[in-house]
Amino acid sequence: MLDAIAVRYVERFQTTRARLVRLLRQKLRQRGWEEGLPAADPEAVAERMVQLGYVNDQAFAEARTRGLVRRGMGAGRVKQALAAYGVDSELVAAAVSDVDALGAAVDFAHRKRLGPFGPPVTEPKARMKQLGAMARAGHGYEVAKRVVDARSEEELED
């Protein structure tokens, strides 16, 4: 029965092994089933899904990283998101190593109309607000400062 729940979930969603185990344990609690039964072992079911190729943490990490970077999120935010899904720290490091920090920051600034993509910032409070938005998106201070302080798009390209 637990196998059917797992298959139904992985056919609809890309997931990680840790998240699948968490989901299966939740389903056991919701249904009032005993975990002691051999057929109700979430770890074994998740491992079987990995062996069959239905769950692949590396592919998940790469896809999630691409999606977040495309939305303008920085390496810090990507690491946080992958850790929340239970991705192994080595896979997180490998996925984040290819992130173009400045490119993602420029994409984020363009989407949110920050720095050279928005109205000119004259007050220090407005500048700090923009830096805060960049920090919450996972961008480092130096990159965020460079983007927010840029006067034009051409200045960012240099």
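The values are calculated or read from the model by the stated rules, or taken from the named source; none is laboratory data. Keep in mind it's a predicted model, so treat the numbers as computed, not measured. Note that each Cβ is placed from the backbone with ideal geometry, even for glycine, and that neighbours are counted across all protein chains shown. In case anyone asks, the SASA skips ligands and DNA or RNA and just uses the protein heavy atoms, side chains included. Shrake-Rupley method; radii C 1.70, N 1.55, O 1.52, S 1.80 Å.
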| request: Among the chymotrypsin sites (Phe, Trp or Tyr not before Pro) in the stretch 1-105, which ones are in a DSSP loop with at most 12 other Cβ atoms within 10 Å of the Cβ? Mind listing them? | output: F13
| task | Whenever you get a sec, compute what percent of the accessible area on the stretch 112-158 sits on carbon and sulfur atoms (1.4 Å probe). | result | 51 percent
| field | Sequence-separation-based contact order of the chain, relative, with Cα cut under 8 Å and 6+ spacing, percent | value | 21 percent
| If we count GluC sites (Glu not before Pro) as exposed when they sit in a DSSP loop and have at most 15 other beta carbons within 10 Å, what is the longest stretch of the chain that avoids them all? | 36-158
| said: So with the 1.4 Å probe, I'd like the accessible area per residue for the chain, rounded to whole Å². | reply: 62 Å²
| Zero-based 10 Å bins, Cα pair distances in the stretch 1-93, whole percents | 16, 44, 27, 11, 1
| note | Residue-ordered couplings for the stretch 137-142, obtained by feeding phi - 60° into the Karplus form 6.51 cos²θ - 1.76 cosθ + 1.60 and rounding to whole Hz (Gly and Pro as x), are 7, x, 8, x, 4, 4
| request: With a 1.4 Å probe and every protein chain left in place, tell me how much accessible area S89 has, in Å² to the nearest 10. | output: 80 Å²
| said: Can you give the longest run of the chain that contains no trypsin sites (Lys or Arg not before Pro) sitting in a DSSP loop with at most 16 other Cβ atoms inside 10 Å? | reply: 1-70
| said: Less than 15 Å Cβ to Cβ from Y54, Lys/Arg counted +1 and Asp/Glu -1: what total charge do the surrounding residues give? | reply: +1
| query | Hey, got the dipole for the stretch 17-122? About the Cα centre, +1 on K and R Cβ, -1 on D and E Cβ, debye to the nearest 20? | reply | 660 debye
| request: With runs of 4+ DSSP H residues as the only contributors, calculate the mean residue ellipticity of the chain at 222 nm using -39,500 (n - 2.57) per run, divided by the residue total and rounded to the nearest 500. | output: -20500 deg cm²/dmol
| Want the number for D100 to S152: 0.36 nm per residue separation, take away the alpha-carbon distance, what's left? | 16.7 nm
| note | Given 37 °C, 0.692 mPa s and a Kirkwood radius over Cα pairs, the Stokes-Einstein diffusion coefficient of the stretch 41-122 in µm²/s is 230 µm²/s
| For the chain: rounded, prolate or oblate by the Cα gyration tensor [a/c cutoff 1.5] | prolate
